[in-house]
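The structure under discussion appears below in the form of structure tokens.
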Amino acid sequence: MKKVILATILFLAVSINMQAQLVKLGIKGGINYANQSGTDITVNSINYNSTDAITSYHIGLVAELKLTDGLAIQPELLYSTQGATYKNAITEFKNELGYISIPVLAKISLNKSISLDLGPQASFLLSEKNEFDYKNSKTFEFAAAGGLTLKVTKSIFIQGRYVLGLTEASKDAQIKNSALQVSAGILF
């Protein structure tokens, strides 16, 4: 089994080096409609009965590694902000989390201009802006991402994606991040 995996990795590395036109690099950016959900949202002994989504942004680098005519791998390195506005009967506050996110997506071509994008995403917490002084967010988050890409031209694309947190985003509450992302980018 190890020999098969090693042979596959070696084959892919040689194929990518031999055909540099199969690798495209680019940039992308867009908006996030992010929220946090869970069963137990408690901050500083105060229970919050609802959260509202916040509008934020993401920006970063993207690569496209073509494997076959209908399949490519798309790793990305993004700065993405997520979070929510927490509400109860007395108070309301906004919690905004800044992550370095690394999605690695399989791009399955549905036709010449539309692809289905599916894969995992790892995120590392860089910053936390909130209206209370209480650092309770976890520094690592794992998520699943899925969406569609529309190639407007050979270089310009538009993407829609949903990112669902699979691990908890807080040390003290059972909450998970989720984000609906819409972005545009260019491949060089």
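List the residue pairs whose Cβ atoms are under 7 Å apart, where the first residue sits in region 105-119 and is more than 16 Å from TYR162 (Cβ to Cβ), the second is open to solvent by 70 Å² or more (accessible area, probe 1.4 Å) and modelled with pLDDT of 95 or more, and the two are 6 or more positions apart or on different chains.
SER113/LEU150; ILE114/LEU148; ILE114/LEU150
Might you check whether a residue that is within 18 Å of LEU148 (Cβ to Cβ), in contact with a His (Cβ under 7 Å, 6 or more places away or on another chain) and of a type in the set (A, V, I, L, M, F, W, C) occurs anywhere in region 67-90?
Taking every residue of region 67-90 in turn, at least one turns out to be within 18 Å of LEU148 (Cβ to Cβ), in contact with a His (Cβ under 7 Å, 6 or more places away or on another chain) and of a type in the set (A, V, I, L, M, F, W, C).
For residues that are assigned to a loop (DSSP other than H, G, I, E, B) and open to solvent by less than 50 Å² (accessible area, probe 1.4 Å), scanning just region 130-166, find the one that is modelled with the lowest pLDDT.
Of all residues in region 130-166, those assigned to a loop (DSSP other than H, G, I, E, B) come to 131-136, 138-139, 152-155, 166.
From the residues that got through so far, the ones that are open to solvent by less than 50 Å² (accessible area, probe 1.4 Å) too are 132, 136, 155.
Numbers: PHE132: 50, ASN136: 64, SER155: 94.
Result: PHE132.
The values are calculated or read from the model by the stated rules, or taken from the named source; none is laboratory data. Since the model is a prediction, treat every value here as computed from it, not as a measurement. Here the Cβ is made from the backbone with ideal geometry for all residues, glycine too, and neighbour counts use every protein chain on show. Note: areas computed on protein heavy atoms with side chains; ligands, DNA, RNA excluded. Shrake-Rupley method; radii C 1.70, N 1.55, O 1.52, S 1.80 Å.
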